[in-house]
Structure formats: C-alpha cells, structure tokens
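The values are calculated or read from the model by the stated rules, or taken from the named source; none is laboratory data. Remember, predicted model here, so these are calculated numbers, not experimental data. Methodologically, a virtual Cβ is constructed for each residue, glycine included, from the backbone with ideal geometry; neighbour enumeration extends over all protein chains shown. Just the protein is used for accessible areas: all its heavy atoms, side chains included, with ligands, DNA and RNA removed. Shrake-Rupley method; radii C 1.70, N 1.55, O 1.52, S 1.80 Å.
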Amino acid sequence: MKTLICFLFGLCLSVPLFAQQDSAAPTFPPEELDKLVAPIALYPDSLIALILPSSTTSADVVIAARYFAAGGEQDDIDNQPWADSVKSLAHYPDVVKWMDQNLAWTRQMGEVFAAQPTDVMNAIQRMRAQARAAGLLTDTPQQKIITQDEEICIIPAEPDIIYVPRYDPEILWMRRPYSGEFMRS
C-alpha cells in the first residue's frame, strides 16, 4: 500500500506537465511503448514513480549526474535547485547515472510520459505480464510481486530498502536464459 501511495504521489507531481502538452503531439503505438518502458518495467513501483516524472525534466537529471560525478554528497541533495522528482530520484545515484548515460531514452520517456501517462502505465503492465507468464518475474529476497485486480505490483521485500534490478531488456523479453541480479541502493 505504501508503494502504491508513493507511485500515485509521483504521478501527481507530473500532472501539471500533462496539461501543458500540445494535443497534436504524436502518440506512440503499444509496440513502441513496450520497447520504451522495457528497461524499467521490472523496477519496483516506488522507483518507477520517481523515474517517470524525473524523465520530464531531463536537464535536471543531467545536472544531478554531473553533481555526483564531481563528488557531490547525498546529504546535500535537498539543497540543489533540481525538480523535486529529481531530488527524490537522486537518492539512487546509479539510476540517475543510467538516465544521464541514456539521455535520448530519458528525453523520449519524459515526452511520452507527459503526453500518454496512461499508455505508459499500461505498457509497463504488459511487459510485467509477459515476464511473469515466462516465469521471469517472481518473488525474490529483494522484492515481492503482488497482483491486485490484474495489476502487477513490484514492491521491496524490505520496506526501507529498494533494490534496483539489473537486467538486459532484449535478453529478458526474448526469453533467453537470464540470471538476474540486484544492486542495492
């Protein structure tokens, strides 16, 4: 329940961005959305709730990554001029670094999430359903998988620790053997 509240909070942070979008913005079909969300689809809900709104302010993600690269301390995150979503995400510096290294993905995710938030969430659910059907999305010591009203939720096994899964989306959804690992943040 706590994860769902965090997720909804993150979604609410980005609501003003939805209203600003041009109604003529192109929409992405489900197949393209699936490919776009694949790198994060199996992340815990609470982490996705930070990544999606942060992707809408990609410039702040870049600045946060540079901050960490220059030796910036996590204790000083709240004093930075970044968007609140990026400040929250900055508690996971490896994720910030990945988003910076994959800036084209981050920008596209931000644009698509701002224009099609429901479609993005549906794509995440489709990818999770595929992974679960293939036996690749299961409970682990780091995370629990909960299905509520056909929605697949991924929550941390320990409420105070979020593990960031590491996986190759191309291998995962091609159904090749995969040995997943987690990085502790």
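Just a few scattered comments:
- Of all residues in the range 80-103, those that are in contact (Cβ under 8 Å) with a residue 24 or more places away in the chain have Cβ atoms under 7 Å from Cβ atoms of residues that are β-branched (V, I, T) and open to solvent by 70 Å² or more (accessible area, probe 1.4 Å), 6 or more apart or on another chain, in W82/I63.
- From the options V95, V86, residue that is in contact with a strand residue (DSSP E or B) (Cβ under 9 Å, 6 or more places away or on another chain) and either under 12 Å from D60 (Cα atoms) or open to solvent by less than 10 Å² (accessible area, probe 1.4 Å) (or both): V95
- Residue in the range 11-28 that is among the hydroxyl-bearing types (S, T, Y), modelled with pLDDT of 95 or more and either in a helix (DSSP H, G or I) or open to solvent by less than 80 Å² (accessible area, probe 1.4 Å) (or both) present: no
- Positions within the range 134-185 being at pLDDT 90 or above, part of a loop (DSSP other than H, G, I, E, B) and out of contact with any strand residue (DSSP E or B) (no Cβ under 8 Å at 6 or more places or on another chain), in sequence order: P141, E158
- Count - residues of the range 100-124 that are in contact with a Leu (Cβ under 7 Å, 6 or more places away or on another chain), within 14 Å of I40 (Cα to Cα) and open to solvent by 10 Å² or more (accessible area, probe 1.4 Å): 1
- Annotation note: Cβ proximity below 9 Å between a residue of the range 114-134 that is without any contact (Cβ under 8 Å) to a residue 40 or more places away in the chain and a residue that is acidic (D, E) (sequence gap 6+ or interchain) occurs for Q125/E150; Q125/E151; A129/E150.
- Only residues that are open to solvent by 20 Å² or more (accessible area, probe 1.4 Å) and under 22 Å from T147 (Cα atoms) were counted across the range 42-82, and they come to 2.
- Which listed residue, of I77, I146, is touching a helix residue (DSSP H, G or I) at 6+ places or on another chain (Cβ under 8 Å) and within 18 Å of L47 (Cβ to Cβ): I77
- Residue check for A131: open to solvent by less than 10 Å² (accessible area, probe 1.4 Å) and in contact with a Pro (Cβ under 7 Å, 6 or more places away or on another chain): no
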